[in-house]
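Report on the following structure.
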Amino acid sequence: MSPIRVGLIGCGGCGVGKHMASYALLSDDVNLHAVYDFDAAKAEAAAKQYNVPHVYNSLEAMLADILQFERQCEQELLRRNCR
């Protein structure tokens, strides 16, 4: 079976430090395919750190890509889970 293609929304501390790090451990089953953050520099840095092939500056464009799973890591939604 092919790995699940994942797109990550939000490349802040929790998105990179917890979620991207976890997906990297699942590399046989999960392909971290794309990242998006409204701060383009954060998205670029996260993609470089984890070798993510696609960086988007538009959330709509990323969601239009062929993803099988999307993980939203915006600070306001998940803040309590990242402490």
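Couple of notes before you dig in:
- Meets criteria (modelled with pLDDT under 90 and not in a strand (DSSP E or B)) for G17: yes
- Residue within the stretch 25-45 that is in contact with a Phe, Trp or Tyr (Cβ under 8 Å, 6 or more places away or on another chain), at pLDDT below 85 and hydrophobic (A, V, I, L, M, F, W, C) present: yes
- Within the stretch 31-46, residues that are farther than 13 Å from I9 by Cβ have Cβ atoms under 8 Å from residues that are at pLDDT 95 or above in these pairs: A40/V55; E44/V55, counting only partners at least 6 apart in sequence or on another chain.
- Residue satisfying all of: in the stretch 54-74; of a type outside the set (F, W, Y) and under 11 Å from the mean Cα position of the chain (by Cα); modelled with the lowest pLDDT among these: E74
The values are calculated or read from the model by the stated rules, or taken from the named source; none is laboratory data. Note that the structure is a prediction, hence the values are computed from the model and not measured. Note: ideal-geometry Cβ built from the backbone for every residue, glycine included; neighbour counts use all protein chains shown.
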